[in-house]
Amino acid sequence: MTERGNIRVKSILISLSRYVSPAMLAAAGVLLVTIIALFVPPYIGMADNGDYSRIIYSNGLYILNPDYKTHFFGYFVKEYGIFQHFNEHAAALFSSHSYFIRLAIWLNELFYSDQLFDIRFQTIIFLAMYTIAIYLFIESLTWKIPRKYGYPIALIAIFIFADTAYTAFFNSFFSESIMLIMTMLVFAAGLLMYRNRYNDYVLMAVFFISALILTTSKQQNAPVGVILAVTGAVLVFIRKERSFRIWMSSILVALFLSGIGTYVLIPKEFVNINAYHAMTRGVLMESEDPEATLKSFGIDPQYAVLNKSIYFEPFTTVDVDSKILEDHFYSKYGFGSILAYYLTNPSQAFKMLDIAAKHAFTIRPPAMGNYEQSAGREFGEKTTFFSLYSNVKHALAPKTFGFVILWVILIVGLYMPSFITAVKAKHMRHIQRLPLILGMILLGLSGIFVSIIGAGDADLSKHEFLFTLVFDLVTFVAIADAMRRYLWRSDEDAAIQ
């Protein structure tokens, strides 16, 4: 390139850095890619696996296509009917997702139709929130650092978080879309407080609202509120004002209670489904002597015949909803007793964790297709548009729980020096970085442990979404910190960055 060309490139980069920050670049890039993926034919979304009925009917929507069941797992459906008269369907479960569906219906009726619902109105809401989340997340990592580090970080963010394995969830009624947005906002709010960017009270509100929506979006997320309440305790001390500490303490208590409340409000039907799989697809599945294992729970050994069976099988040995199972099977164990069993049988526990690890790095559930039937694609066909990252991650990530342990050790080891520096310097605001990252890691691990203990290996690829998301977020932060030379500095400045 000529000297004149070099000067022109430098001039363009200077102009870009003046008007477009790395955070703006990342947000704009993710927005553009996602609009192309979800709003330009052939439309990309997620096929129903049978779970949509749990959330749509109680919120005033119904399935239009009489052959809809033939679409299960295979085809994405973007249009649904809106109830015009009395809706007899009660809520099957409580989920914060319902509020977003109702807002989307309101927008749909305002701008499109009061009889036909287009799921893309929900997608518009999610995409707007996701763009904000991306901006705040990248701003927390690139604020006040040289653009030569900031722009590459932004490009990596686009590569990872614009991947259609993530964004296709927006065109669905799965709560993973909410989990994606709210987990990123929780992390971003914590990092922004750490770096003293924006108003602490505003960030406190973002942290609380996002964490509350995340906790209540799905029954499996009940531990999320408890984990964030405990690990977030360090946030109380980032300011000395009494009012700030009272507010922060109050929202942490509220998050703790929301976690407990989410668990308590799990409907009995879903408790039995999960309990059935926790035993038949978990404890018994890897047991060398199922009969003896059942005896240890005080259950008649004859129920070993249920080993490896699934709750939804059309033909079963015994009625899974019968009083017999209620009295002599379900009532004999629970989350606590299964946890105790795995703790006293570590070899069996690690077998289950290895099974979980095989699904822990898959963003897109393998069973669900991404295209409408009208697109002329094969049943269950998945999109390849902007999905290089998710495909590479699925193919190359080691599928053992040992790798997960090594990853945790590596991340903690990388951030320990700066944590020690902050502690010695008594920088209360900057001490929070490692606890924040540990909190995120615990959120991810809870996705694995709760899945295994609560439902065995049933539908692991969806149940472990929180882990694969946290893995990407935390690993991305570590890469960004390495690029901006944060990780290898042990002086006081490193603690402040």
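Ranking V30, I448, S374 by how far each Cα lies toward the positive end of the dipole of the chain (charges on Cβ) leaves V30 at the top.
Taking the protein heavy atoms of the chain in the context of the full set of protein chains, the accessible area attributed to carbon and sulfur is 65 percent at 1.4 Å. Here the chain is assigned +1 on the Cβ of each Lys and Arg and -1 on the Cβ of each Asp and Glu. Its dipole about the Cα centre then comes out at about 2540 debye.
As a size descriptor, the averaged projected area of the C-alpha convex hull of the chain was calculated at 27.4 nm². In the context of the full set of protein chains, the chain has a per residue accessible area of 44 Å² (1.4 Å probe). Accessible surface of K323, taken over heavy atoms with a 1.4 Å probe and every protein chain present, rounds to 140 Å². Contact order, relative form, for the stretch 199-286: 32 percent (alpha carbon pairs under 8 Å, 6 or more residues apart, mean separation divided by residue count). Where Lys and Arg each count +1 and Asp and Glu each count -1, what net charge lies around W247 among other residues with Cβ under 15 Å from its Cβ? Combined, the nearby Lys, Arg, Asp and Glu give +2.
Judged by the mean number of other Cβ atoms found within 10 Å, the most tightly packed of the peptides 43-51, 69-77, 176-184, 288-296 leads the ranking 176-184, 43-51, 69-77, 288-296.
For the stretch 150-255, the gyration tensor built on C-alpha atoms gives an oblate shape. Its axis ratio a/c (a ≥ b ≥ c) is at least 1.5, and a/b is not larger than b/c. Expressed as a whole percent, the proportion of Cα-Cα pairs in the stretch 196-325 lying more than 18 Å apart is 65%. When peptides 191-201, 220-230, 360-370, 105-115 are sorted by average Cβ neighbour count within 10 Å, with the highest value leading, the order is 220-230, 360-370, 191-201, 105-115. Each residue, R102 and F237, gets one label point 7 Å from its Cα in the Cβ direction; the gap between the two is 4.1 nm. Mark the label point 7 Å from the Cα of K399 along Cα→Cβ and return the residues of the stretch 273-307 whose backbone N is within less than 18 Å of it. Residues 286 qualify, since their backbone N sits under 18 Å from the label point. Restricting the stretch 316-395 to GluC sites (Glu not before Pro) that sit in a DSSP loop and have at most 11 other Cβ atoms within 10 Å of their own Cβ leaves E378. Counting charges near A395 (Lys, Arg +1; Asp, Glu -1) among other residues having Cβ under 15 Å from its Cβ returns a value of +4. Against the chain, whose longest principal axis comes from its Cα atoms, helix 268-278 is set at around 90 degrees. Excluding L294 itself, calculate the net charge of residues whose Cβ lies under 12 Å from the Cβ of L294, where each Lys or Arg counts +1 and each Asp or Glu counts -1. Cβ neighbours under 12 Å give a net charge of -1.
Spin-label pair A292-I266: with each label point 7 Å from Cα along the Cα-Cβ axis, the two points sit 2.9 nm from one another. Applying 0.36 nm per residue to the separation of M24 and K69 and subtracting their alpha-carbon distance, the gain on full extension is 12.0 nm. Across the chain, Cα pairs under 8 Å and at least six residues apart give a relative contact order of 19 percent.
Across the options F169, T131, F117, the greatest Cα extent toward the positive end of the charge dipole of the stretch 89-170 (unit charges at beta carbon of Lys, Arg, Asp, Glu) belongs to T131.
Under 16 Å from a label point set 7 Å out along the Cα-to-Cβ vector of L32, the amide N atoms of the stretch 140-184 belong to 151-163.
Hey, with R₀ at 60 Å, roughly what FRET efficiency would V318 and L155 work out to, going by the Cβ-Cβ distance, to 0.05? It comes out at approximately 0.60.
Extension gain, F385-F335: 0.36 nm per intervening residue step, less the Cα-Cα distance, totals 14.0 nm.
The values are calculated or read from the model by the stated rules, or taken from the named source; none is laboratory data. Note that the structure is a prediction, hence the values are computed from the model and not measured. Note that each Cβ is placed from the backbone with ideal geometry, even for glycine, and that neighbours are counted across all protein chains shown. SASA here: full protein model, heavy atoms, side chains in, ligands and nucleic acids out. Shrake-Rupley method; radii C 1.70, N 1.55, O 1.52, S 1.80 Å.
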